[in-house]
Amino acid sequence: MIDAQQLTKIYKVHKRPPGLAAALRSLWSRPTTEVRAVDGVSFHIEPAERVGFLGPNGAGKTTSLKMLSGLLHPTSGKVVVAGHVPQKRAHAFLKQITLVMGQKQQLMWDLPPSETFLLNRSIYDIPKRAYDETVAELTALLELEDLLGKPTRQLSLGERMKCELACALLHRPKVLFLDEPTIGLDVQMQATVRKFIRSYNERFQATVLLTSHYMDDVAALCPRVIVIDHGHLIHDGPLDELVKRTRPDKRLKLRFSREVEERELQGLGSVVERAPTSAVLVVTQAELQGAVQRAMATLPLVDLSVEDPPLEDVMRDLFAHGRAIQAVGT
Amino acid sequence: MAESAAGPIPESSSGGFASLLRVARALARVSAVQALQYRVEALGEALLTLVRVATAVVPLLVVFGQRQSVEGWTRDEMLIVLGWFTFLTGVLEGTLSPSLLAVIEQVRNGTLDFVLIKPADAQLLVSFSKLSPTRIVDLVCGLGLIVTAFVRMGRWPSPGDLALSFVLLLSALAVLYSIALLVVSIAFVAVRVDNLFFLFTSTFDLARWPTTIFGGVLRIIFTFVLPLALMTTVPALAVLGKLEWTNAVGALLGSVAFFLIARFVWLRSLARYTSASS
């Protein structure tokens, strides 16, 4: 469904030092520097896959997404999405894709979302019956019935995002590019949006490419992740593989029936969180079995669980590791 | 999800020109709804237009209070130029200005992404994204001024002159639109071009006078560089029956050339769109 080969985007950026003198100089002299926002990235995504696109701020995620959706022309490399070259912006291609940006909105601010829906119906040339059915479905799934008639400006952020999602899916696209769709939403609304994206993907066999800073989104939705940093692809594969490779250690979560002294935990692993009747220890994979046995034998346990490290920590370590390699290389 | 709604949307029932019309109609409808959302604003705008048209006639009255003609133009003939100018101002301020200024803003904040991702001609979507239906008042006043001028002159244009004038009005609109689109195209590279747009609309203000009253360099500029002559003077001469056919053909060819250049530059600019960061 999506095939990118050596995808590269270079921006020319005008840079100047701060201050009035530099601003005056820049009126006639504008030196530019090249920024390689995306640098030789290749990947292939099958139909109906849900893929997380991860990376720190400025890694090149959004630029990649915009090249895949035809908004930006790649500087070099090849990309094919749903059998089309995106930058040609063929109508047959645009009818198969959608783009949702958590930080920007397409709903008309002063009018109710239903008006933007109707405009999109005309633009996408959706027959009335199909339109009515889709709106009814989306309204039921996202609980929109009370929202569609209110002016957009009167909706809360979460309500607006639900309407944005519905608006972007009226034409039943086969490829969803979702750029931070849950940004700023409360936990409950994030869960609603995630559940909806998953059900849309399963129902329509739609391909989903998602960027998010909320690792819960990625963990809940994306069996596969593509990680880029400084425009380079640094991981492409299952999420658990990334976790194992980057942080092979496990977190041992313990709860006790009485207060436990620090010395009682010695030798089990390194303590990262501690309260009188609970503790979290980081243990290497090799030492895990022994640590569990010893804990069960020596501690007043009421609960014990073994978990992967939080995805946030994994990503932080991954990017720190990448930078360290780059620093050595330069 | 309901079983009946599964599967892709059926293929488009119409294409080409029909789809352009469908989208244009939808844009006009939503703009009208938008304008009517704030009733007081709409009423205020309509009243403001009436006042502007009324005050536009004052300079003519002042000039012709002293003399019978200016560079061969009588007061009533100039009223026809002012009529076309008012009509075109209605089109400019009612459609192109609000829409294209909105595009400049969209280029800056990156929401043009949502326009470019739609399966419709982006030029059409941005050109009529925001309309001010109340500027119909300008169109009515413009035509009213032209009718008044003919009533005062005690004669009516021939059907041929009227038809030619109508065709030249369309070519004037094409030129006006092309210039506005060229300015917006620059926004893709320069990002901030609001002032360039205002410079254009301010210069357009001079089209309320026949270009032949300007001398030397200005006349050349307003004929060939920024063709104000094509916009009001030529259609006015046509409706008065004073336009030579060679000039009419030249005006039509000129407007087609302007339109094609603007379309070409617009398409080139789209390729240079860099969007805005997330």
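The values are calculated or read from the model by the stated rules, or taken from the named source; none is laboratory data. Note that the structure is a prediction, hence the values are computed from the model and not measured. Neighbour counts run over all protein chains shown; Cβ positions are idealised from the backbone, glycine included. Remember, those area values only see protein heavy atoms, side chains included, never the ligands or the DNA or RNA. Shrake-Rupley method; radii C 1.70, N 1.55, O 1.52, S 1.80 Å.
Below is a table of values for the structure above.
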| item | result |
| --- | --- |
| Nitroxide proxy distance, nm - points 7 Å out along Cα→Cβ at A:R30 and A:V271 | 6.1 |
| Cross-link reach list, lysines versus A:K128, counting only Cα pairs under 23 Å and skipping chain neighbours closer than eight places | A:K95, A:K150, A:K162, A:K174, B:K118 |
| Between A and B, accessible area buried - total, square angstrom, nearest 100, 1.4 angstrom probe | 4000 |
| DSSP beta bridges in segment A:68-223 [antiparallel fraction, %, rounded to 5] | 10 |
| Segment A:260-326 - convex hull of alpha carbons, volume per residue in Å³ | 106 |
| Counting DSSP beta bridges with both ends in the protein assembly as shown, the antiparallel % (nearest 5) | 70 |
| Dipole in debye (nearest 20) - chain A, about Cα centre, beta carbon charges: Lys, Arg +1; Asp, Glu -1 | 1340 |
| Under 15 Å from A:K12, Cα to Cα: aspartates and glutamates that are on another chain or at least 8 residues apart | A:E34, A:D39 |
| Crossing angle, helix B:194-204 versus chain B [Cα axis fit, 0-90 degrees, rounded to tens] | 30 |
| Solvent-accessible area, 1.4 Å probe, carbon plus sulfur percent, for the protein assembly as shown | 60 |
| Segment B:160-216-segment A:213-278 distance, computed between alpha-carbon centres (Å) | 64 |
| Value of Rg/Rh across segment B:50-121 [Cα atoms, Kirkwood radius] | 1.28 |
| Given chain A, longest segment not containing exposed loop chymotrypsin sites (Phe, Trp or Tyr not before Pro) (DSSP; at most 14 other Cβ within 10 Å) | A:110-330 |
| Compactness of segment A:166-217, expressed as Rg and Dmax over alpha-carbon positions, Å | 10.8, 29 |
| Solvent accessible area, Å² - A:H44, 1.4 Å probe, full protein context | 80 |
| Share antiparallel - DSSP beta bridges, chain A, percent rounded to 5 | 70 |
| Overall dimensions of chain A as given by Cα atoms, namely Rg and Dmax in Å | 24.2, 77 |
| Rounded tilt (10° steps) of B:136-153 against the dominant C-alpha axis of chain B | 20 |
| Per residue solvent-accessible surface (Å²) - segment A:197-330, probe of 1.4 Å | 52 |
| Among A:I234, B:G83, A:P31 the positive-end extreme of the charge dipole of the protein assembly as shown (Cβ point charges) | B:G83 |
| Net charge dipole size for segment A:61-142 [Lys, Arg +1 and Asp, Glu -1 on Cβ; Debye, nearest 20] | 500 |
| Candidates B:W84, B:W209, B:W73: whichever shows maximal mean-square fluctuation once chain B is modelled as a Gaussian network with Cα springs under 10 Å | B:W73 |
| 0 to 90° range, to nearest 10: angle between helix B:159-190 axis and chain B longest Cα axis | 50 |
| Relative contact order (%) - chain B, alpha-carbon pairs under 8 angstrom, separation at least six | 25 |
| 40 Å tail of the calculated P(r), the protein assembly as shown, as % of Cα pairs | 44 |
| For segment A:99-113, residues shielded by at least 10 square angstrom of accessible area compared with the chain on its own, probe 1.4 Å | A:L99, A:M101, A:Q103, A:K104, A:Q105, A:Q106, A:M108, A:D110, A:L111 |
| Nearest-0.05 FRET efficiency for B:A32 and B:L218, computed from C-beta distance (R0 45 Å) | 0.70 |
| Extension reserve of the A:K195-A:D146 stretch, reckoned as 0.36 nm per residue once the Cα distance is removed | 15.6 nm |
